[in-house]
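Nothing in this text is a laboratory measurement; each read-out follows from the coordinates by a stated rule. All figures in this text were calculated on a predicted structure; none of them were measured in a lab. Note that we place each Cβ from the backbone using ideal geometry, even for glycine, and neighbour counts take in every protein chain shown.
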Amino acid sequence: MNRRRRFVLGAGAAGLVAGYLAVRARRRRAGGEPAAAAEHIQPDTPGHRGGSGTPILLLHGFSVTWRSWKPVLPLLERHHDVIAPTLLGHSGAAMLAEGVAPSVDALLDGVIAELDSLGLDQVHVVGNSLGGWLALELARRGRARSVVVFSPAGGWSSNLRLATLVAGMRVAFEVLEVLGPRADALARNPRTRGMFVSAMVAHPERFDPADLAADVRALRHAPVLLPLLSVLGEHPFRPLRNPGCPVRVVWARKDRVIPFPVFGQPLVDKLPSAELLFLDGVGHVPMSDDPQAVARLILEVTDAVDSRACTRPGTGPTAASTDGKR
């Protein structure tokens with residue numbers, strides 16, 4: 001990392017810390033309520049569906065919504081019936097049922113319930129970050145025809161690094177929650193937009209300002225986030241030696257959120273049959289950085305599975321080993 005980038009990222013981190021302290025002070029003065037709690041902001045829509053072909057399910061990452069997939073939707077909808085829901089407890093989606101504690105399994109149950117309501121048994125599944133973890137768990141439960149995941153969560157080799165990541169996310173969420181009323185103006189400004197998303201993407205200038213503003217506002221309608229953060233470290237991803245379908249894991253070489261050596265290698269060690277690829281020029285959330293490459297890496301897998309099913313009538317999806325590129 002060059003000196004200028006270190007300075008920019010350091011300044012951004014300092015700004016977040018300063019913002020966090022200001023937020024805490026304002027909340028204490030207001031009796032613990034967010035400073036802008038009086039403003040009523042409508043939650044996002046609960047998801048998206050479009051296109052035709054074999055069904056494919058897109059699962060987004062922690063704290064955002066189905067909108068993170070918008071850059072690749074037109075490319076995938078030429079080939080598939082695309083289903084992109086917002087996860088339970090996130091903005092626009094239903095909340096967890098009363099008495100259900102936030103957990104990866106609770107979110108997974110919500111995804112499976114949605115598939116059941118649509119009459120879908122097995123679908124192609126694509127996930128990013130937390131959504132990647134859920135995609136792999138769908139394979140474990142026998143609901144996936146294929147799985148493609150981009151920087152999936154669920155693995156780590158250092159509890160300290162995980163705790164640091166969680167603490168940083170808490171700070172960022174509290175700051176962004178208070179900034180919600182100014183989300184549109186902040187997202188339109190290239191400098192503040194870059195500060196918000198530079199850790200997540202390699203090209204902040206390609207990130208749609210309207211979608212960033214929606215992501216910031218979404219934090220006000222996502223009560224699952226902080227409770228889920230508190231329990232994520234208790235149950236890491238368990239080994240999945242036979243997923244029953246092709247699995248492709250794609251990692252950004254310079255993922256600054258969950259870098260591969262600490263968070264990726266421990267996960268792929270539990271997926272011995274999976275194919276591993278590295279993608280240059282993208283960040284942790286790669287869809288806006290390079291939608292063409294993301295769509296290509298997905299369609300290579302889904303096309304192969306669908307073609308195989310067409311040449312073997314009546315057999316349905318079949319498991320296939322991958323070449324394990326590492």
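Cβ crowding within 10 Å, taken as a proxy for footprinting-reagent exposure, orders Arg248, Arg141 from fewest neighbours to most as Arg141, Arg248. Between the residues Ala185, Pro102, Leu87, the greatest Cα displacement towards the positive end of the dipole of region 60-199, with unit charges on the Cβ of Lys, Arg, Asp and Glu, is found for Ala185. Going from the residue with the fewest nearby Cβ atoms within 10 Å to the one with the most, His90, His203 rank His203, His90. Computed packing ranks the peptides 251-264, 76-89 as 76-89, 251-264, most packed first, by mean other Cβ atoms within 10 Å.
Each residue of region 101-107 was assigned a 3J(HN,Hα) from its phi angle through the Karplus curve 6.51 cos²θ - 1.76 cosθ + 1.60 (θ = phi - 60°); the sequence is 6, x, 6, 4, 5, 5, 5 Hz, with glycine and proline shown as x. If you take the alpha carbon atoms of region 144-231 and fit the smallest convex hull around them, that volume is 144 Å³ per residue.
Along its first, second and third principal axes, ordered by size, region 75-180 spans 39, 32, 32 Å in Cα coordinates.
What the phi angles of region 295-300 give under the Karplus curve with 6.51, -1.76 and 1.60, with θ = phi - 60°, is a coupling list of 4, 4, 5, 6, 5, 4 Hz, glycine and proline written as x. Amide H to amide H, with H built 1.01 Å from N, Gly127 comes under 5 Å of Leu59, Val148, Val149, Phe150, counting only residues 5 or more places away or on other chains.
Per-residue 3J(HN,Hα) values for region 231-243, derived from phi via the Karplus relation 6.51 cos²θ - 1.76 cosθ + 1.60 with θ = phi - 60°, read 10, 4, x, 7, 9, x, 4, 8, x, 10, 7, 10, x Hz in sequence order (x marks Gly and Pro). The amide H of Phe62, built 1.01 Å from its N in the peptide plane, has Leu130, Gly131 as neighbours under 5 Å, considering only residues 5 or more places off or on other chains. With a ≥ b ≥ c the root eigenvalues of the C-alpha gyration tensor of region 233-310, is it rounded (a/c under 1.5), prolate (a/b larger than b/c) or oblate? Taking the square roots of the gyration eigenvalues as a ≥ b ≥ c, region 233-310 is oblate. For Gly92, the amide hydrogen comes within under 5 Å of the amide hydrogens of Asp44, counting only partners 5 or more places away or on other chains and with H modelled in the peptide plane.
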